[in-house]
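S.K.: One structure, as structure tokens, below. Some questions next.
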Amino acid sequence: MIIRVENLKKIYNTGEIQVEALKGVNLGIEEKEYVAVMGASGSGKSTLMNILGCLDHLTEGKYVLDGEDVSSLSGNSLASIRNKKIGFVFQSFNLLPRLSALGNVELPMVYAGTPAVLRMKRAKDAMERVGLGDRMQHKPNELSGGQKQRVAIARALVNNPAILLADEPTGNLDTRSSEEIMDIFESLNDEGVTIVMVTHEHDIAMHTKRAVVFRDGAIISDKPVENRITGNGGIRA
């Protein structure tokens, strides 16, 4: 099991008020799974993703990532785990405007201390993998929204993470670009990449294989996706 959380609680203190964002969540995700995390605003899904991504600390409970208990790690240790084991894809792309697409893809390897020659090769391979071999030297402002998100996906893949976390990855895209991005995620999952995706869009969740639904800080549903949409527009039972 690549992700295991037990009795996960997250409490935010806002002045004299305590807000319990997660209320004893238990969740396990196996290697090579493709999971959608759904729920209304304030349901706890984004809080869960921040904890799974080692961007936030849990208040109580246990979190084991790829065999390592990360529940009580310090900020620096969490940063190291993030860079080695987690690839992030965000709704807003988070690309640096002054760097080329290739330069953006190289960034995680710069932080990891990867030698320059190897960085270049892996970044180019990742760009080819998402179908942007002819856009490597383009700046972000020269790319469409869908192309920017492909660059972000390539960047997320270059350190060969144990898991890919995607937070509303189609939120800023039109329907056609969204479908293209979901095709890429499906191909990556077919290759064995573990993907956990936050989305509030039912049609996007239909591309995944398992849907975990949150309400008021707790899981209310966790089941396989029926009649899921495949990359060619077909439906797979």
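S.K.: Could you tell me which of the pairs LYS121/LYS223; LYS124/LYS209; LYS9/LYS223 are separated by over 32 angstrom between their Cα atoms in the structure shown?
M.R.: LYS121/LYS223
S.K.: Could I ask something else about it? In whole Å, largest first, what are the principal axis extents of the Cα atoms in the chain?
M.R.: 51, 43, 34
S.K.: Among the lysines, select those whose C-alpha is under 17 Å from the C-alpha of LYS85, and discard any that sit fewer than 8 residues away in the same chain.
M.R.: Here the lysines satisfying the reach criterion relative to LYS85 are LYS32.
S.K.: Can you tell me the equivalent ellipsoid semi-axes for the range 15-115? Use √(5λ) from the Cα gyration tensor, largest first, whole Å. Write out the running numbers ahead of the final one.
M.R.: Numbers: eigenvalues 148, 61, 46 Å².
Rounded to whole Å, the semi-axes are 27, 17, 15.
S.K.: Additional query: Once R0 is set to 25 Å, what does the formula 1/(1 + (r/R0)^6) return for the Cβ-Cβ distance between LEU96 and ASN76, expressed as a FRET efficiency to the nearest 0.05?
M.R.: Details: r = 23 Å, r/R0 = 0.92.
For LEU96 and ASN76, the calculated efficiency is 0.60.
S.K.: In percent, how large is the relative contact order of the range 3-236, given Cα pairs closer than 8 Å and 6 or more residues apart? Before the final figure, lay out the partial values.
M.R.: Working: 452 pairs, mean separation 63.9, N = 234.
That works out to 27 percent.
S.K.: Still on this model: Taking Rh as the Kirkwood radius computed over C-alpha pairs, what is the Stokes-Einstein D of the range 74-120 at 25 °C in a medium of viscosity 0.890 mPa s, expressed in µm² per second?
M.R.: Numbers: Rh = 12.0 Å.
Using the Kirkwood radius from Cα pairs, D works out to 205 µm²/s.
S.K.: Let me ask something else. How many angstrom separate the Cα center of the range 1-54 from the Cα center of the range 139-176?
M.R.: Taking the Cα centre of the range 139-176 as reference, the centre of the range 1-54 is 23 Å away.
S.K.: Within the set of other residues whose C-beta is less than 11 Å from the C-beta of PRO108, count the net charge using Lys and Arg as +1 and Asp and Glu as -1.
M.R.: On the way: positive: ARG82, LYS84, ARG119, ARG122, ARG155; negative: GLU106.
That works out to +4.
S.K.: If you don't mind, there's one more thing I want to ask. Kindly state, to the nearest 0.05, the FRET efficiency for VAL110 paired with HIS138, given R0 = 22 Å and r defined as their beta-carbon distance.
M.R.: Numbers: r = 20 Å, r/R0 = 0.89.
That gives a FRET efficiency of 0.65.
S.K.: Quick check on packing: order 121-134, 2-15 by the mean number of other C-beta atoms within 10 Å, highest mean leading. Please list the in-between numbers first.
M.R.: Values: 121-134: 17.6, 2-15: 15.4.
Descending packing order for the listed peptides: 121-134, 2-15.
S.K.: Search the structure for amide H atoms under 5 Å from the amide H of VAL89, placed 1.01 Å from N in the peptide plane, and list their residues when 5 or more places away or on another chain.
M.R.: LEU165, ALA166, ASP167
S.K.: If packing is taken as the mean number of other Cβ atoms within 10 Å per residue, what is the order of 163-170, 94-101, 49-56, highest first?
M.R.: Values: 163-170: 23.5, 94-101: 15.4, 49-56: 19.5.
Output ranking for 163-170, 94-101, 49-56: 163-170, 49-56, 94-101.
S.K.: Can you give the helix-only mean residue ellipticity at 222 nm for the chain, where every DSSP H stretch with n ≥ 4 adds -39500 (n - 2.57) and the sum goes over all residues, rounded to the nearest 500 deg cm²/dmol? Don't skip to the end; give the middle numbers.
M.R.: Working: 7 runs with 78 residues, N = 237.
It lands at -10000 deg cm²/dmol.
S.K.: Follow-up. Which loop-located GluC sites (Glu not before Pro) does the range 138-229 contain, where loop means any DSSP state but H, G, I, E or B and the Cβ has at most 12 other Cβ atoms within 10 Å? Please report the intermediate quantities before stating the final value.
M.R.: On the way: sites: GLU142, GLU179, GLU180, GLU186, GLU191, GLU201, GLU226; in loops: GLU191, GLU201, GLU226.
Passing sites in the range 138-229 are GLU191, GLU226.
S.K.: Using the 10 angstrom Cβ neighbour count as an exposure proxy, how do TYR63, TYR111 rank, fewest first? It would help to have the intermediate numbers written out before the result.
M.R.: Working: TYR63 21, TYR111 13.
So the residues, fewest neighbours to most, are TYR111, TYR63.
Rule-based calculations on the coordinates, nothing more; no lab input. These numbers come from a predicted model, not from an experiment. Please note: Cβ atoms are built from the backbone with ideal geometry, for glycine as well, and neighbour counts cover all protein chains shown.
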